[in-house]
1. How many percent of the accessible area of the chain is carbon or sulfur, using a 1.4 Å probe?
2. Can you tell me what percent of all Cα-Cα pairs in the stretch 74-130 are more than 14 Å apart?
3. Apply the Karplus curve 6.51 cos²θ - 1.76 cosθ + 1.60, θ = phi - 60°, to the phi angles in the stretch 42-54 and return the couplings in whole Hz, x for Gly and Pro.
4. Could you work out the relative contact order of the stretch 42-131, using alpha carbon pairs under 8 angstrom and six or more residues apart, expressed as a whole percent?
5. Suppose every Lys and Arg Cβ carries +1 and every Asp and Glu Cβ carries -1, with no other charges. What dipole size does the stretch 1-49 come out with about its Cα centre, to the nearest 20 debye?
6. Quick check of the Kirkwood formula: for the stretch 1-69, what is the inverse mean of 1/r over all pairs of different Cα atoms, in Å?
7. Which one of Ala108, Ile70, Asn130 is farthest out on the positive end of the charge dipole of the stretch 46-152, using unit charges on Cβ (Lys, Arg +1; Asp, Glu -1) and the Cα centre as origin?
8. Please work out the Cα center distance from the stretch 131-152 to the stretch 83-118, rounded to the nearest Å.
Amino acid sequence: MLALNVNGKTKKVDVDESTPLLWVLRDHLDMTGTKFGCGMALCGACTVHLDGQPIRSCVTPASMAVGKKITTIEAIGSTPAGRKIQAAWVALDVPQCGYCQSGQIMSATALLKSNPKPSDADIDSAMSGNICRCGTYGRIRAAIKQAAGVSA
């Protein structure tokens, strides 16, 4: 039995310690906002925060999250940076199909939290691990800049 701190609440799950955190969140805790993409940490769809840092939950064993704070897309709006990013996402109508967007928002929020006024290069670097098959990269960059109060 593992005890995980998910979005500020302790959740106990009876899983093998090697179970990827993504499947604990989705299958055992019914938190489906975090998406499965490639399963190899290449696309970023499964991004969550572990102690504030973006990680790929598809390759992170649940045991590595014990004793740490897990933040998912379901709670990112409760943080100041997450609230700004979500508002900009809505204002600029960023998503197209939407599948990758929870991972995009998690990475963008981590960027804004660590760098409140990111440059284009900062944004490109921070978001390079998140793939959008619809090609919404221009709108994603614009939304991050809007959330940061940086002119586009």
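1. On the way: 3900 of 7460 Å².
C and S atoms contribute 52 percent here.
2. On the way: 851 of 1596 pairs.
Everything past 14 Å amounts to 53 percent.
3. 9, 10, x, 4, 9, 5, 10, 9, 10, 6, x, 9, x
4. Details: 107 pairs, mean separation 34.0, N = 90.
Normalised by residue count, the contact order of the stretch 42-131 is 38 percent.
5. On the way: 5 positive and 5 negative charges, 45 e Å.
Rounded to the nearest 20 debye, it is 220 debye.
6. Values: mean 1/r = 0.0852 Å⁻¹.
Across the stretch 1-69, the inverse of the average 1/r is 11.7 Å.
7. Farthest towards the positive pole: Ile70.
8. Distance between centres, Cα-based: 8 Å.
The values are calculated or read from the model by the stated rules, or taken from the named source; none is laboratory data. Computed from a prediction, not measured in an experiment: that's the story for all the values here. For neighbour counting, all protein chains shown are included, and Cβ atoms are generated from backbone atoms with ideal geometry for every residue, glycine included. Surface areas here come from the heavy atoms of the whole protein model, side chains and all, with no ligands, DNA or RNA. Shrake-Rupley method; radii C 1.70, N 1.55, O 1.52, S 1.80 Å.
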